[in-house]
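K.L.:
Structure incoming, see below.
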Amino acid sequence: MSLELSERFQAISPSPTLSIDAKTKALAASGVEIVNLSVGEPDFATPDQASLAGIAAIVGNFTKYTPVPGILDLRAAIAKKLYDENQLTYKPEEIIVSSGAKHSLYNIFMAILNPGDEVLLPAPYWVSYPEQIRLAQGVPVILPTDESTGFKITPEQVEKAITNKTKAILLNSPSNPTGAVYTKAEIEALAAVIERHEIFVISDEIYERMTYGTEHVSIATYSENLRNKTFVVNGFSKAFAMTGWRVGYVAAPQYLVSAMTSFQSHTTSNPASISQKAALAALGAFDPEKINLFQARRDFVLENLRRLPGISVAKPDGAFYIFPNAAKWLGLTYTMKDGSQVKLDSVDTICELLLTDVFVSVVPGSGFGAPHNFRISYATSMPQLQKAMDRFAEFADRLN
Ligand code: PMP
Ligand code: GLU
């Protein structure tokens with residue numbers, strides 16, 4: 001044989017969001033004062049009651065294997081949350097907790113995809129979706145959107161894209177990276193089309209609480225029929241600032257959850273026992289004041305970006321990202337602080353220069369299927385955002 005990696009692994013590249021964050025932190029550790037707007041991670045602390053529950057779990061020796069899909073208390077509390085906040089009815093047996101929503105998503109793709117099965121994926125998309133679909137030997141079928149439609153797909157687009165190979169459609173509202181939020185009417189129009197076909201819906205609702213005017217609606221509320229085809233994905237990373245604890249979950253019909261539980265039993269077993277206790281305590285600790293904070297940051301960043309010549313930017317209604325379009329900067333020349341000149345041949349180059357010359361870290365749109373855009377995470381403090389906006393303005397001044 002050979003000592004080569006599998007074809008699956010040869011085709012995979014590191015997550016750009018995580019690798020740019022790592023690169024930014026390494027630069028910062030070397031003494032460069034960087035504003036990090038790359039990784040999507042709330043800047044506030046994990047709620048005290050979650051941290052204390054984690055500590056109590058350690059001290060109380062709650063440090064052994066738990067049931068593979070998570071402790072019953074946590075699954076029951078998630079079911080209650082879905083009922084109270086999302087108008088969705090699930091039994092604890094229809095919920096599986098995993099090591100982050102990223103893990104939950106991978107379980108889903110592995111559970112439903114046969115080689116060559118298609119997953120409809122609206123673009124711009126979060127970086128890990130297409131990679132995970134391909135790892136599960138599926139084929140992402142891109143549904144393009146742009147600023148002109150508010151980065152939203154239409155029912156007609158979905159109808160046209162469905163073939164006899166379509167196994168699922170992925171929806172992510174509020175969206176990473178665009179911040180687009182589908183209204184109730186838009187969700188209903190998409191649901192009406194999807195319901196007519198025997199396909200699954202993967203509804204990634206991890207940013208559900210971060211909306212600024214347009215309420216989040218889960219597509220699984222549309223009808224019993226659609227609920228029975230839908231995987232509702234959510235997690236604790238964003239709403240509770242618990243990115244490092246690694247807790248995500250899926251609610252879906254029991255036969256699907258059972259299959260994913262078998263898979264998880266052979267791959268990772270239960271999510272960390274300590275994190276489960278912390279997550280259980282976090283569920284009651286959401287601070288709605290954070291939403292006002294995010295909205296003020298969004299408004300501030302949006303206003304400043306709109307002043308930059310050549311940059312166009314759609315107003316995002318949710319999540320904590322803004323996704324400006326920098327197409328008009330391509331072909332311009334940037335004069336670096338040391339006087340050397342660089343031709344801007346791609347948004348990747350722009351982001352590299354933003355990082356190395358004016359010390360602002362953002363993520364190029366190429367990994368999100370939108371090569372003319374870049375992503376800003378505004379989940380950071382106002383002073384940091386002010387500094388970043390000053391640096392963007394300085395960058396724009398150096399273009400000609
Ligand atoms: N879905 C989306 C849209 C995301 O942006 C992220 C990144 N946090 C995840 C899922 C995964 O989150 P986690 O694994 O931290 O729960
Ligand atoms: N989802 C966040 C982001 O897009 C965190 C990093 C990751 O998991 O990709 O930045």
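The values are calculated or read from the model by the stated rules, or taken from the named source; none is laboratory data. This one's a predicted model, so the numbers in the text were calculated from it and none came from an experiment. Reconstructed Cβ throughout: ideal geometry from the backbone, glycine too, with neighbour counts over all protein chains shown.
K.L.:
What pairs come up if the first residue lies in segment 204-233 and is under 22 Å from residue 132 (Cα atoms), the second is among the acidic types (Asp, Glu), and their beta carbons are under 6 Å apart, counting only those six or more places apart or on different chains?
P.N.:
Going by the 6 Å Cβ cut-off, the qualifying pairs are 233/204.
K.L.:
Among the residues of segment 7-44, how many are in a loop (DSSP other than H, G, I, E, B) and either of a type outside the set (Ser, Thr, Tyr) or surrounded by fewer than 17 Cβ atoms within 10 Å (Cβ to Cβ) (or both)?
P.N.:
Residues in segment 7-44 being in a loop (DSSP other than H, G, I, E, B) and either of a type outside the set (Ser, Thr, Tyr) or surrounded by fewer than 17 Cβ atoms within 10 Å (Cβ to Cβ) (or both): 16 in total.
K.L.:
Another one. Taking segment 209-222 as the search range and keeping residues that are assigned to a loop (DSSP other than H, G, I, E, B), out of contact with any Pro (no Cβ under 7 Å at 6 or more places or on another chain) and not hydroxyl-bearing (Ser, Thr, Tyr), which one is farthest from ligand 1 (Cβ to nearest atom)?
P.N.:
213
K.L.:
Here is a list of conditions, (1) part of a loop (DSSP other than H, G, I, E, B); (2) over 16 Å from residue 54 (Cα atoms); (3) within 16 Å of ligand 2 (Cβ to nearest atom); (4) not aliphatic (A, V, I, L, M), and residue 294 meets all of them except one; can you say which number that is?
P.N.:
In the conditions (1) part of a loop (DSSP other than H, G, I, E, B); (2) over 16 Å from residue 54 (Cα atoms); (3) within 16 Å of ligand 2 (Cβ to nearest atom); (4) not aliphatic (A, V, I, L, M), residue 294 misses (1) alone.
K.L.:
Considering only strands (runs of 3 or more DSSP E) fully contained in segment 66-153, which possess at least 2 residues that are within 16 Å of ligand 2 (Cβ to nearest atom) and either touching a helix residue (DSSP H, G or I) at 6+ places or on another chain (Cβ under 7 Å) or in contact (Cβ under 8 Å) with a residue 60 or more places away in the chain (or both)?
P.N.:
118-123
K.L.:
Could you list, in sequence order, all residues of segment 236-256 that are in contact (Cβ under 8 Å) with a residue 24 or more places away in the chain and either of a type in the set (Ser, Thr, Tyr) or at positive phi (or both)?
P.N.:
Within segment 236-256, 237, 241, 243, 246, 249 meet the criteria.
K.L.:
Please indicate, with yes or no, whether at least one residue in segment 40-55 is within 16 Å of ligand 2 (Cβ to nearest atom), in contact with an Asp or Glu (Cβ under 6 Å, 6 or more places away or on another chain) and of a type in the set (Val, Ile, Thr).
P.N.:
The answer is no; no qualifying residue exists.
K.L.:
A further question follows. Do we have residue 86 as within 16 Å of ligand 1 (Cβ to nearest atom) and surrounded by 12 or more Cβ atoms within 10 Å (Cβ to Cβ) here?
P.N.:
no
K.L.:
Out of (1) in contact (Cβ under 8 Å) with a residue 40 or more places away in the chain; (2) within 16 Å of ligand 2 (Cβ to nearest atom); (3) more than 16 Å from residue 244 (Cβ to Cβ), the odd one out for residue 19 is which?
P.N.:
Evaluating residue 19 over (1) in contact (Cβ under 8 Å) with a residue 40 or more places away in the chain; (2) within 16 Å of ligand 2 (Cβ to nearest atom); (3) more than 16 Å from residue 244 (Cβ to Cβ) leaves (1) as the failure.
K.L.:
Of the numbered conditions (1) closer than 29 Å to residue 265 by Cα; (2) in contact with a helix residue (DSSP H, G or I) (Cβ under 9 Å, 6 or more places away or on another chain); (3) outside any loop (DSSP other than H, G, I, E, B), residue 62 fails exactly one; give the number of that condition.
P.N.:
So the condition that residue 62 fails would be (3).
K.L.:
Additional query: Could you tell me which residue of segment 225-237 is farthest from residue 299 (Cα to Cα), considering only residues that are in a strand (DSSP E or B) and within 16 Å of ligand 2 (Cβ to nearest atom)?
P.N.:
233
K.L.:
The conditions are (1) touching a residue at least 60 places away in the same chain (Cβ under 8 Å); (2) on the phi < 0 side of the Ramachandran plot; (3) surrounded by fewer than 23 Cβ atoms within 10 Å (Cβ to Cβ), and residue 328 fails exactly one of them. Which is it?
P.N.:
(1)
K.L.:
Please count how many residues of segment 309-336 are in contact with an Asp or Glu (Cβ under 6 Å, 6 or more places away or on another chain) and within 20 Å of residue 356 (Cβ to Cβ).
P.N.:
1
K.L.:
Residue 261 fails exactly one of the following numbered conditions: (1) at pLDDT 95 or above; (2) within 16 Å of ligand 1 (Cβ to nearest atom). What is the number of that condition?
P.N.:
Tallying (1) at pLDDT 95 or above; (2) within 16 Å of ligand 1 (Cβ to nearest atom), residue 261 fails exactly one: (2).
K.L.:
So, one more: Taking residue 181, is it within 16 Å of ligand 1 (Cβ to nearest atom) and either without any contact (Cβ under 8 Å) to a residue 12 or more places away in the chain or within 19 Å of residue 204 (Cβ to Cβ) (or both)? Can you show your working first?
P.N.:
Numbers: within 16 Å of ligand 1 (Cβ to nearest atom): yes; either without any contact (Cβ under 8 Å) to a residue 12 or more places away in the chain or within 19 Å of residue 204 (Cβ to Cβ) (or both): yes.
Spelling it out, residue 181 is indeed within 16 Å of ligand 1 (Cβ to nearest atom) and either without any contact (Cβ under 8 Å) to a residue 12 or more places away in the chain or within 19 Å of residue 204 (Cβ to Cβ) (or both).
K.L.:
Return yes or no: is residue 251 within 15 Å of residue 81 (Cα to Cα), within 16 Å of ligand 1 (Cβ to nearest atom) and surrounded by 17 or more Cβ atoms within 10 Å (Cβ to Cβ)?
P.N.:
Details: within 15 Å of residue 81 (Cα to Cα): yes; within 16 Å of ligand 1 (Cβ to nearest atom): yes; surrounded by 17 or more Cβ atoms within 10 Å (Cβ to Cβ): yes.
Judged against the criteria, residue 251 is a match.
K.L.:
Run residue 222 past the list (1) aromatic (Phe, Trp, Tyr); (2) within 16 Å of ligand 2 (Cβ to nearest atom); (3) more than 22 Å from the chain's Cα centre (by Cα) and report the number of the one that doesn't hold.
P.N.:
(2)
K.L.:
Looking at 231, 236, 200, can you tell me which residue is within 13 Å of ligand 1 (Cβ to nearest atom), in contact with a strand residue (DSSP E or B) (Cβ under 8 Å, 6 or more places away or on another chain) and within 18 Å of residue 122 (Cα to Cα)?
P.N.:
Checking each option against the conditions leaves just 231.
K.L.:
Could you grab me the full set of residues in segment 175-207 that are assigned to a loop (DSSP other than H, G, I, E, B), within 16 Å of ligand 2 (Cβ to nearest atom) and out of contact with any Lys or Arg (no Cβ under 9 Å at 6 or more places or on another chain)?
P.N.:
Residue satisfying the conditions is 205 alone.
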